[in-house]
Amino acid sequence: MLIRTESIIFVHGLKGNSRDTWQSSTNKRRIFWPKELLARDLNDVRILSFGYEGNKLLKRSTFLEITTQLAQEMLATRKEFAATRQIIWVAHSLGGVLVKAVSQLHNLWSLF
């Protein structure tokens, strides 16, 4: 078993959601692999999955709102637990754009 102290945050794409995007089906059983497979191999890793309503992202104001929401939830989680944990992002499709926007927003906030 590997021993880690990171947070892994999964962010789905435009037509996905926080669970279905990261599930696979084997032997007529759906497996949420971040929790059922990844977590058992990594000790002391916090695994989070952020969900948002992708169909609302067609509006620019909503993209900023969702980016801000993800950034605020990430910061709140880090304050509640351990701000020293590294963050590993796993993003699919538009989720990657959100992660990049969150990173830029976080850098902007740190200036104030």
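Here are the numbers for the structure shown:
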item: Note, ³J(HN,Hα) from phi for the stretch 28-45, Karplus 6.51, -1.76, 1.60, rounded to Hz, x at Gly and Pro; result: 6, 10, 8, 10, 7, 4, x, 8, 7, 10, 5, 5, 6, 8, 10, 8, 6, 9
item: Computed label-point distance, nm, for sites GLU65 and ASN43 using a 7 Å Cα→Cβ extension; result: 4.4
item: Under-5 Å amide H pairs with SER49, H placed in peptide plane, nonlocal only; result: PHE10
item: Highest average packing first - 15-28, 87-100, 39-52, Cβ atoms within 10 Å; result: 87-100, 39-52, 15-28
item: Amide H partners (placed H, <5 Å) of SER18, local residues excluded; result: TYR52
item: Residues whose placed amide H lies under 5 Å from that of ILE88, excluding near-sequence neighbours; result: SER7, ILE8, ILE9
item: Reachable aspartates and glutamates from LYS56, criterion Cα separation under 14 angstrom, eight or more residues apart if same chain; result: GLU65
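Only the coordinates and a few stated rules stand behind these numbers; no lab work does. Everything numeric here is computed off the predicted structure, so don't read it as measured data. So basically every Cβ, Gly included, is an ideal-geometry build from the backbone, and we count neighbours across all protein chains shown.
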